[in-house]
Amino acid sequence: MYKRIVSIFLLSLLITSAYSRGEKTVHDFRMKTIRGKEVKLKEYKGKVLLIVNTASKCGLTPQYAGLEELYRKYAEKGFVVLGFPCNQFLGQEPGTAEEIEKFCTSKYDVTFPLFEKLEVNGENAHPLYQFLKNALPLEGKNDIRWNFEKFLINDNGVTVKRYAPKTKPVELEKDIEELLRK
């Protein structure tokens, strides 16, 4: 436990120093909401973010419930989940924006922000996902592995941790709490 806290703290210091040198952060991107409205991610400056590529027809889809639970639990403390639907993994997000939004709100009562469907891998990968993958690369092939891969972003827009798709949202609580305390 102590090693984990020290590791996150040291990583945050290292990354925050990169931010202070004027390097690019998540806040530099503009995205479109699931309803097509452009949003500058700098609107989330000062908040801890969890960026997740999502899908409605995946074995991991029930993670929507855990993501919503995290969002509701920590929203007042400055935490936001950002969901990015993606259809690149066996076509598990085939719906339109309206269908995706209806599914998420009716089945899982999702209230966290959802964005337009995008690609996370390949030559058409959205620049945000290119940035996230390069910020915390995996050994070997640096692709997003599957639906529900997660990136934890500090309040300065710096990517501090990457989680495997099968990592349950509840398993992120300690890391989220640590960033919210800073």
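Across the stretch 25-38, the qualifying residues are those that are touching a Lys or Arg at 6+ places or on another chain (Cβ under 7 Å) and not basic (Lys, Arg), and the one among them that is farthest from Glu76 (Cα to Cα) is Glu38. Within the set Leu172, Leu114, the sole residue that is of a type in the set (A, V, I, L, M) and within 24 Å of Asp28 (Cα to Cα) turns out to be Leu114.
When the stretch 146-182 is filtered for residues that are assigned to a helix (DSSP H, G or I) and either hydroxyl-bearing (Ser, Thr, Tyr) or modelled with pLDDT of 95 or more (or both), the ones remaining, listed by number, are Pro169, Val170, Glu171, Leu172, Glu173, Lys174, Asp175, Ile176, Glu177, Glu178, Leu179, Leu180.
The values are calculated or read from the model by the stated rules, or taken from the named source; none is laboratory data. Treat the numbers as computed from the prediction; the structure is a model and nothing was measured. In this analysis, Cβ positions are derived from the backbone assuming ideal geometry, glycine residues included, and neighbour counts consider all displayed protein chains.
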